[in-house]
1. In nanometres, what is the gap between the two model label sites at Asn388 and Asp345, each 7 Å from Cα along Cα-to-Cβ?
2. Quick one: what are the phi-derived ³J(HN,Hα) couplings along region 333-341, Karplus 6.51/-1.76/1.60 with θ = phi - 60°, whole Hz, x for glycine and proline?
3. Taking the Cα-to-Cβ direction at Glu312 and at Asn154 and moving 7 Å from each Cα, how far apart do the two end points lie in nm?
4. Do the alpha carbons of any pairs in Lys129/Lys352; Lys313/Lys338; Lys135/Lys300 sit beyond 20 Å of each other, and which pairs?
5. Using Cβ counts within 10 Å as a stand-in for footprinting exposure, how do Glu93, Glu126 rank, fewest first?
6. If neighbour count is taken as other Cβ atoms inside 10 Å, put Phe372, Phe322 in order from fewest to most.
7. If we count other beta carbons within 10 Å of each Cβ, what is the order of Trp194, Trp250, fewest first?
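What follows is calculated from the coordinates using simple rules that are stated; it is not laboratory data. In this text, all values refer to a predicted model and were calculated from it rather than measured experimentally. Positions of Cβ are generated from backbone atoms using ideal geometry, with glycine treated the same way; all protein chains shown enter the neighbour counts.
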Amino acid sequence: MGKEREVAKEFIEEDTTKKEEEIRDIEEIESNSVEVEEDIIKENEPIEDSSKDTTQEDSLDYDNGSSKELVLVDTKPIESLPTNERQVQLQKEIDTARAIVKKADQEVKDMISSIQKDIDNFEQYEDTKLKPIIKESYRILRRLDVESSYNESNPQIDLRDVEGEALVIKNLPTGKGSGWIWGLFASILTVVGWYIYGALSLGLPLIPKQIKDFSFLKPIANKLSLFIDQAPNSATGEGIAILSAIVIGWIVYMIVRNIRISKNQHIVEDIIKRATQYFQKKEEQKKSLLQVDEHIKALKVMLENSEVILDEKNAGLRRAIFIEKVDIAQNLHPKSYKNLEILQDILDSINKNLSTPISINGRLTQDSIESFGEFKNIIDKEIDRLYN
């Protein structure tokens with residue numbers, strides 16, 4: 001008690017340091033510290049209990065909606081919940097898993113849409129700016145009697161993930177339908193059982209000779225009434241049969257439902273596991289798509305650099321053809337011939353990059369990485385040569 005009183009006093013004194021006027025309130029708070037101590041104890045007890053009971057089970061949720069990692073949520077307490085609440089809780093887990101799968105699919109879809117815009121920009125640049133320069137380069141090569149071929153096709157960029165199938169998560173069966181059927185069946189069996197018991201006890205045939213007014217049931221009902229009455233009473237016997245049938249039917253209904261919900265719990269655990277794996281797979285797919293997008297953008301920048309260099313080489317070779325009066329490449333001045341070789345290297349590298357598939361099944365190909373590296377080395381080397 002004394003320790004908790006000191007804690008309360010220190011807490012108050014920390015607040016009073018902000019305003020000197022509140023120092024006068026310390027004595028009044030100390031006089032009521034016993035009540036504060038009791039409140040502190042009451043508040044701490046449930047916290048300690050809940051910390052002991054807390055265990056983590058597989059469940060899916062986003063942390064504040066911004067994190068890309070899945071967060072585990074406590075699902076263990078649902079075993080102690082009533083049947084209906086257990087079903088509701090399990091369905092919430094399914095809804096959460098479905099929402100995460102949907103979000104992962106949408107993020108991939110949005111990324112593919114964004115990449116497609118970059119592809120469209122790339123192809124537009126290639127058609128409107130790059131190809132005219134390349135065609136002029138090949139025209140000059142033919143003028144100098146240099147064999148060359150130009151592939152005008154756009155690079156193959158396949159963003160589809162053919163290995164992945166969409167994860168479809170269905171709602172959980174409640175077990176109400178099957179529970180109602182089995183409960184009804186159990187109620188009917190209960191009534192039939194009472195009938196057989198009464199008939200055998202009274203020595204009556206199980207199959208009556210006449211079934212017109214159901215009067216053959218009266219002696220059986222009288223027999224059943226003796227369980228709680230000393231004198232036979234058909235109404236009491238009928239009540240016993242009907243009430244017991246309802247109770248047994250309800251018990252069977254609840255058993256079937258609980259069995260169904262127990263199965264649902266295993267289903268939920270499996271779905272959560274699959275949803276987690278699906279989420280992680282989509283994260284990997286997004287990383288692969290991002291690599292493809294970055295490659296496309298980097299290739300476009302490198303092509304823009306090569307466009308400027310090609311334009312310069314074209315102008316230099318046109319000047320050489322005019323001044324040096326040559327018709328074949330072998331007669332060019334050594335410096336002009338060197339420019340011709342650089343022009344050919346750049347054109348060959350461009351052709352290689354544009355004819356090499358950039359991505360297959362949404363993944364950047366190793367061939368495109370290698371061809372881009374060679375292309376970059378050629379352009380960087382030429383830029384260094386121009387300024388050094």
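1. Label-label distance for Asn388 and Asp345, simple model: 1.3 nm.
2. Per-residue couplings from phi come out as 4, x, 5, 5, 5, 4, 4, 5, 5 Hz.
3. 3.0
4. The answer is none of them.
5. Lowest to highest Cβ neighbour count: Glu126, Glu93.
6. Numbers: Phe372 20, Phe322 9.
Lowest count first: Phe322, Phe372.
7. Trp250, Trp194
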